[in-house]
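Single-structure report; data block below.
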Amino acid sequence: MQLKPMPTPARRIADQREHTSIMIRLIVRWIHIICAIPIVGYAYSPFEVIPDYAPPTRYVFLPVMLVTGLWMWKGHLARRLFSQSPELVASGSK
């Protein structure tokens, strides 16, 4: 039986960040899917019940779905923008 070497602290931190990003991606994906269900119901419901669905669909479900969709699409750019130190952003360096 061969023993595996202990991971370095840097490797453990990298693994934790990877697990965290996977969980965030999974949660955002499910929020996006769940918010799409009422929108589909709004689109395919009879005309008589559309006024009941309109306010929550317009002001809750659609904006949440748009934000989560944009986060899944371009979230890597937002994370990179917000993770830079203020000195790098002010100087324009990469």
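The values are calculated or read from the model by the stated rules, or taken from the named source; none is laboratory data. From a predicted model like this one, the values you see are computed outputs, not experimental measurements. Here the Cβ is made from the backbone with ideal geometry for all residues, glycine too, and neighbour counts use every protein chain on show.
Taking the options 37, 24, name whichever one is part of a helix (DSSP H, G or I), free of Cβ contacts under 8 Å to residues at least 12 places away in the same chain and either surrounded by 12 or more Cβ atoms within 10 Å (Cβ to Cβ) or small (Gly, Ala, Ser) (or both). Lay out the reasoning, then the answer.
Working: 37 fails: either surrounded by 12 or more Cβ atoms within 10 Å (Cβ to Cβ) or small (Gly, Ala, Ser) (or both).
Every option except 24 fails the conditions.
Any chance segment 51-70 includes a residue that's at pLDDT below 80, surrounded by 11 or more Cβ atoms within 10 Å (Cβ to Cβ) and either part of a helix (DSSP H, G or I) or acidic (Asp, Glu) (or both)? Scanning segment 51-70, I find no residue that is at pLDDT below 80, surrounded by 11 or more Cβ atoms within 10 Å (Cβ to Cβ) and either part of a helix (DSSP H, G or I) or acidic (Asp, Glu) (or both), so the answer is no. Candidates in segment 40-50 are the residues that are assigned to a helix (DSSP H, G or I) and hydroxyl-bearing (Ser, Thr, Tyr); of these, the one that is nearest to residue 83 (Cα to Cα) is 42.
State which residue is modelled with the highest pLDDT when the search covers only segment 1-24 and only residues that are β-branched (Val, Ile, Thr) and under 22 Å from residue 72 (Cβ atoms). Write out each step before concluding.
Filtering segment 1-24 down to residues β-branched (Val, Ile, Thr) leaves 8, 13, 20, 22, 24.
Next, from what is left, pick out any that are under 22 Å from residue 72 (Cβ atoms): 20, 22, 24.
On the way: 20: 84, 22: 87, 24: 90.
Filtering first and then ranking leaves 24.
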